[in-house]
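The values are calculated or read from the model by the stated rules, or taken from the named source; none is laboratory data. Please read all numbers here as calculations on a predicted model, not as lab measurements. Note that we place each Cβ from the backbone using ideal geometry, even for glycine, and neighbour counts take in every protein chain shown.
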Amino acid sequence: MHVVFVNRFFHPDFSATSQMLSDLSFALAEEGFAVTVVTSRQIYDRADADLDQEQQHNGVNIQRVWSTRFGRSSALGRLCDYLSFHLAAAYKLRAMLGPSHLVVAKTDPPLLGITVGIVARSRGAQVINWLQDLFPEVLGAVTKRHRVAQALVAILTRTRNRSLAAATMNVAIGDRMAHHIRQQGVAHTSVTVIENWCDGQQVTPQGRRENRLRQEWSLADKVVIGYSGNLGVAHEFDTILDAAEQLRDRADIEFLFIGAGSRLAWLKQQVSERRLSNVQFRPYQARAQIAESLSVPDVHLVCLRADMEGLIVPSKFYGVLAAGRACIFIGDSLGEIAVQVRNLRCGAVVTAGAGRELAKILGDLADDPARMLALGVQARVAFDQRFDRPIAIRKWATLLRSSAHI
């Protein structure tokens, strides 16, 4: 059996979907699977990158196709990048696929599973959709007031649902996402849940004193409240900003954003307008530094708009657990991560808009280092039991082997 993964980004890119795919591909190759990855020549935050067209790395055959490179600065440019990758990937797959192949389509760019499914089935290959988010529902959530956009969402949803129904299996990354897919008429037997993960050997808890980044960023003596990851439209940041405003006179507390995304400029503008001297921003850190980066905050914030529940599961949550840090979730109190935080007893849940409540929780934790440390210890215990990389790899290997015999 030959497994072919398709996604716009892959190693050495360090965006979330790329890291998941890289982890899985390299681990499967170690277990004896023949693995090929069809991807672009770009890096998430470097549209002008031009990686090698073909490469062998850690036993994985990497095939990088050409696509436009407008980047994330405009919606039209991004659309061109998406469509050109769809076309280039389809051309590559048509030339390489046969009945012995099992193709796993991720969701970057959006609706990739439709294109991959059409080509794969025409070549006799089986298809698994690995759903990191649900598009076009995400588009629908951010364009509720636009009738034309909503009509397009309805058409795309029906097309996407037919593609899911025709697949051998659809892998959701959370229970609410799986429930949503099944409500779309996709057979229960062709939907399964394999949660995202983190590498527990690469990301381990680090103390304040040995963390080099805390020193470099002048945070050595601070209680750091961190957000690490994508700063996009799916996330709710007003509550965090309100809490930072409430805590602006606490000289011992600093808010730290690590990452990039479409709302980064807006966030910086808000911090400037509110004159928040207790907030700083840092770019994504190289993967080799991920343990240090995730260990800088004493408490991590994870947020998600309530209307995005079931459509997205913030993968940063697993890195927070691996780093042994307390987690505060901001969003739907019945959401995927909210339920996990309560069940795992590793933090607290705050509804969107409750900035004063968030500030109270953070202030209390800052005043109780023992409690903050205990929540972090519990987070790592939960991670080792449920979310370490080998656990997810075993689930994927089992799924792929069973799918090859369907």
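Going by the structure shown, is Asp81 out of contact with any helix residue (DSSP H, G or I) (no Cβ under 8 Å at 6 or more places or on another chain) and not small (Gly, Ala, Ser)?
Answer is yes for this residue.
Within the stretch 137-155, is there a residue that is closer than 22 Å to Leu76 by Cα, of a type in the set (S, T, N, Q) and assigned to a helix (DSSP H, G or I)?
For the stretch 137-155, residues closer than 22 Å to Leu76 by Cα, of a type in the set (S, T, N, Q) and assigned to a helix (DSSP H, G or I): present.
Look at Leu134 and say whether it is modelled with pLDDT of 95 or more, under 22 Å from Ser403 (Cα atoms) and surrounded by 15 or more Cβ atoms within 10 Å (Cβ to Cβ).
no
State all residues of the stretch 121-136 that are over 28 Å from Phe14 (Cβ atoms) and either in a loop (DSSP other than H, G, I, E, B) or among the aliphatic types (A, V, I, L, M) (or both); if no residue qualifies, say none.
Selection gives Arg123, Gly124, Ala125.
What about Val103, is it of a type in the set (A, V, I, L, M), assigned to a helix (DSSP H, G or I), crowded, with 22+ Cβ neighbours inside 10 Å and within 24 Å of the chain's Cα centre (by Cα)?
So Val103 fails the test.
Listed residues Asp307, Asp298, Asp252; which is more than 11 Å from Ser228 (Cα to Cα), buried (at least 19 other Cβ atoms within 10 Å of the Cβ) and of a type in the set (D, E, K, R)?
Going through Asp307, Asp298, Asp252 in turn, the sole match is Asp298.
Restricting attention to the stretch 206-213, does a residue exist that is closer than 22 Å to Val138 by Cβ and without any contact (Cβ under 8 Å) to a residue 40 or more places away in the chain?
no
Within the stretch 265-282, does at least one residue satisfy the condition of being closer than 29 Å to Thr107 by Cα and under 16 Å from the mean Cα position of the chain (by Cα)?
No; the residues of the stretch 265-282 include none that is closer than 29 Å to Thr107 by Cα and under 16 Å from the mean Cα position of the chain (by Cα).
Taking Ala47 as the residue in question, decide whether it is under 26 Å from Gly124 (Cα atoms) and either among the aliphatic types (A, V, I, L, M) or buried (at least 17 other Cβ atoms within 10 Å of the Cβ) (or both).
So Ala47 fails the test.
Select the strands (runs of 3 or more DSSP E) contained entirely in the stretch 216-305, then report the ones holding at least 3 residues which are among the hydrophobic types (A, V, I, L, M, F, W, C) and under 26 Å from Leu373 (Cβ atoms).
223-230, 253-260, 299-303
Given the options Ala95, Ala88, name the one that is touching a strand residue (DSSP E or B) at 6+ places or on another chain (Cβ under 8 Å) and either at pLDDT 95 or above or not assigned by TED's automatic domain parsing to the domain that holds Ala49 (or both).
Ala88
Residue by residue through the stretch 252-274, note down the ones that are in contact (Cβ under 8 Å) with a residue 12 or more places away in the chain and over 21 Å from Asp45 (Cβ atoms).
Asp252, Ile253, Glu254, Phe255, Gln270, Arg274
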